[in-house]
Structures are given as structure tokens and as C-alpha cells.
């Protein structure tokens, strides 16, 4: 069906693009993008963009926020834009006729987007807030991770040609926005190959993520932190930032900075921001990244300074927004003894134009004496442009078992009958196999060979019932073997029996929110990190009385619930232990083995409960 089913709606006009019709609100501008178009594709203003964002966009140095906007482009470039996605329902995609794809954003009015497209977009998958264990100690860094000198940041990553031209500038560090729910500019240039090339050219990177904001930030145009679930939202934002960093080839050991814009000062607003940043820092530490925070000197920077010496989990690095024109990391808002070990960046001048090598950019200027990405101690390996596509049949080198990929996870195939007979199988190297997920990503839609529909949340397949309508139609789904659903307790199935502890879901159509713990669900406050699932599927999980109002500054205490590890490879077992808040203990394995080893015994019983970080020993055969 062509879009534009609601043509003629009052206050709208019909706009056509490559055979597709859109119902655009009367006051919205429409931009047609060409190969050298300098139009900046921004999601913080109402607009419709038709075409692919070019590599020479002229964007303001600093733009944040999210509102209702639409970009219609070809599928080859839509992924580059959706890589900006973070948590919540503020970014979605929709496949269109004629090979086109819509990338859409919204803040308060998803129905408006549905009217423009004539269909409901599918919200981008989100990360479970407790997908990784929480540690409370700083992450170590190599001495050469520290960069001292001038740097700049821009809303959209400059093209490779611009970066080469700016090698004539005094700057050697560049801030790049890798994602976030309030990240405003499209990023057609920001790819794994761009990251690797700039690091190889000697540039130091400041990876920046624009997550949920405090009350009053962005003049109300930004998605806000919920005080009831602030800690979990910060952890979910960190996990999303980690996923984006790793997709760009930025490995652990490097910093990621959260951009916390200036917010209204009050005790309750400050408490919510501090809880969010605690979740941010602890989740980054758990994954081996260093945590940074950018903010106005009079906002989060001041609030963090006040926490010094209180036991609060401070970020490793602070990025001070104080446009006083002084190119130094010393600042009157931050005492000299705070973040004193090469842990500071100072943004001393806001958006302005500078020109080097014949190329003009609108930038913010910074003075650095702190952590950047690009140290010799971290290897930058460009990630593949595309992960193994959903629906691909794969096997691991040396193994006869066939799997089908859904949500970046391999799900076993026990019979070809339901797939129309034998299909082509892609053989993955052990290294490629290790990159697959243990469970399908949150938000993944599947249909079993028994023609039953499911959506994944926290590793579990939650039934969608007899219709997709509550979750958006038509979803992009993968057909998988019914065996995987029926044998979720089998570790070979790559399907969890229940969502992981801490997973937050939104029941639809009831709009009720739930948080999972030990296989049961507890009523929770609304959360931007929730995964939308059908109420009918949630009914399979028992309800624990009570209400989770969310953590304050302190995070919930975690436990190690030992998973079933038999028959897993060492890589799979390690991932399962991390997801269960456990740690790998001693290993016993045969000498001179000439085959891939699997776990045949574990030191702790399945589902036994221990303190977080408990070490589980493994015997391999």
C-alpha cells in the first residue's frame, strides 16, 4: 500500500518522493537532499528530509533535543542514521515501498508520525538497564590515553576530506556524537572506517552520548529523566552508548562522555540527575570503559563537585562547559584538587566559525588534559558495516549444527521442512561466532515455524498473541524453529526462560510497566528504556506484589544467579556468567586439544544464588 492513506487531512499537504506520498503538516518545511547538499539533517526541529544526508552538511556546533521529524532515504544509508538511536520510543524505522526507508523521531506525538507515514513505525530496540554487572571501582587507563592540547567538537562528524584539511589547524582532538535519545544531528560520516582512519591519522576522539536530560534542559525540547527510574535509565543509556561505541570500533579502555545539558536547579532535579549519572558511570565501568560527563559549569558540574568526599560514584573525567574564553582546564567552578589527575576538558568557547585548509566549520573550542579515545593501548578495529543479517542460516566452523540469526543471535534449526528444504548456510569463523549475541536483542520480532508470534525482551520470547496490532504493523520478523521456543531451558536454544533481572517492559495495549526479577514481574513506573510487549504474553509470568518506584542515588544490590553452562563454549559461558552477574573462576581443560572445547561440568549448581561477582569454575572437554 502506498503511503498517504490520510491525504486530505486538514492542515496537511501531500508530498511525493520516488513513488511514496506523505501527509506533511502545513507548517513543516520539506528539504530535498542532493549529493552535495549542505542542509543539516536535524531531529530537534519539525521537518521532512527527502534523500540521503550528504557528507558536507553545514550543522551548528551544538544542537540537542528530539521532536517530531521524518527522514526518507534509501536502505543503504538509513542504518547510518538509526545508529544514533538510544533508549525509549523516540526513534523508529519503517520500511517503505520501492526500497525506501523512513527514519523518524518524536517527543510527545508519535501519532503525528503515524499520520504522516500512514503507518506506525517500529521503535528502535533498547538495552535492558541491568544487562551488565555493576562495579564501583574506576577503570584503569594507559598513560598515553591522556591527551593534553586543543580540541573541537561539532554536531555532525566532519567528512574525511574536511578532517584532512583541518590537519592544518592547531586542533588534534575532535568530539563526536555517537548517539543518544537527544542527539540532534544525522551522522552520515560517522562509520567504523572513519573512526579507524582518523585515529590512524593522529586524531584523538571524544566519544559523546546525549541521553535523557534533567528537568528544564533544552527549553523543554529534550526527552527527560524520570525521577522514579533515573538510575536504571542511566545504566540503560550507558549500555546503548557501549553498543554504539563498539559498533564504531571503539573498544573498552576508552572513555565515553554523557552530555548533560543545563537543567533547572532544585533538590529533586539534582537527585534525579545524580542517580542517572551513577547508573551511567557504574555500567560503563562494568564493561571496561571510562566514564565522562559534559555539562554546564553551573549545572551538573557544580552538582558533581558537591558530591566530592561523600562516597558518591564520581565519573572518571569531567568536561566543563564554561564559555569564558580561557583556553585552560582550570576553572573557578571546579576546585583544583577535584579531577586533578589529567581528568578534565574545558569547553571555553561556544559555536563559531573557523577555517583551515580552505574548509569552514562551525565548532565549539576545547582545552584538554584528560581521557580521549585513540591511545596506542587500544586497538581500533573497524566493525563490519553490517552484522550477520537477520534470517541468515549460519554454522560455526568445525560444527555441523545449523542456526538461524535473529536479533544478532544464533537460534538452532532442527529441521529444514518448515523452511522449504535445505537452504544456503554461511560458515562463520570462531572470531565471527564470538561476536554474536547470546540472546536476540531487545525488541526482536520472530515467528515460530508453528506460526506463533513473539517479541524478545531481556533474552526471553514473549508471545504476541494472535495479532501484531498492539505492537505495530507490520513488524519486520524472522521465522525461527519452534524447537527454540519449546526448549528455552536448553542453553543451546539461545532463548531465556524469563526476561533477565532488571528488564523493564511496557505491556500493550494496557500501557502498564513491569520490572522483572527472578522470573516474576513487579509493577514499575514508566521508563524510556521499556520494551513494548503484548499483555497476553506477559500473563505467562507471575506477578510479585509491590511497586518498584526506582532507585535514588544508590543502585539495587545484585546477586549472582548461576546459569546452566553445560555444552556451552568458553565464550558463551563467559557471556552467560556476565549476564547473570557472576564471574569466571578456575578453568580445567585437556592439554593439546585439537577441537573446540565445551563445558561439561561447573562448580556451582544451576540457579544457585551467591553475591554478585561470585566466581564459577568450569571443566572443559
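Applying 1/(1 + (r/R0)^6) with R0 = 41 Å to the Cβ-Cβ distance of residue 16 and residue 340 gives a FRET efficiency near 0.10. Classify the range 438-504 from the C-alpha gyration tensor, please: rounded if a/c falls under 1.5, else prolate or oblate depending on whether a/b exceeds b/c. Oblate shape, in that a/c is at least 1.5 and b/c is the bigger or equal ratio. Per residue, the convex hull around the alpha carbon atoms of the range 559-620 comes to 61 Å³. The spacing between the range 272-287 and the range 498-535, judged by their C-alpha centroids, is 21 Å.
Counting neighbouring Cβ atoms within 10 Å and putting the fewest first, the residues 449, 429 line up as 429, 449. Length gained on full extension, residue 201 to residue 571, computed as 0.36 nm times the residue gap minus the Cα-Cα distance: 129.8 nm.
Once the C-beta distance of residue 268 and residue 415 is scaled by a Förster radius of 51 Å, the resulting FRET efficiency is 0.35 to the nearest 0.05.
Across the range 143-371, the fraction of Cα-Cα pairs farther apart than 27 Å, rounded to a whole number, is 28%. Counting beta carbons within 10 Å around each of 280, 194, 468 and listing the fewest first gives the order 468, 194, 280.
Once you have a ≥ b ≥ c as the square roots of the Cα gyration tensor eigenvalues for the range 228-274, tell me rounded if a/c is under 1.5, and otherwise prolate or oblate according to whether a/b is larger than b/c. Here the range 228-274 falls in the prolate category. Applying 1/(1 + (r/R0)^6) with r as the Cβ-Cβ distance of residue 429 and residue 30 and R0 = 41 angstrom yields a FRET efficiency of 0.30. Counting neighbouring beta carbons within 10 Å and listing from fewest to most, the residues 282, 469, 183 come out as 469, 282, 183. The simple spin-label model puts a point 7 Å past each Cα toward its Cβ; for residue 164 and residue 606 those points are separated by 5.7 nm. When each of the peptides 585-591, 434-440 is scored by the mean number of other C-beta atoms lying within 10 Å of its residues, the order from highest to lowest reads 434-440, 585-591.
Using the average count of surrounding beta-carbon atoms within 10 Å as a protection proxy, the listed peptides 504-512, 227-235 rank, highest first, as 227-235, 504-512. The alpha carbon centroids of the range 425-471 and the range 145-219 are separated by 33 Å. The base-10 log of I(q)/I(0) for the range 252-307, evaluated at q = 0.20, 0.27, 0.30 Å⁻¹, reads -0.70, -1.08, -1.23 [Debye formula, identical scatterers on Cα atoms, solvent excluded].
Taken together, the values in this text are just the output of simple stated rules run on the coordinates, not laboratory data. Computed from a predicted model, the values in this text were never measured in an experiment. Neighbour counts run over all protein chains shown; Cβ positions are idealised from the backbone, glycine included.
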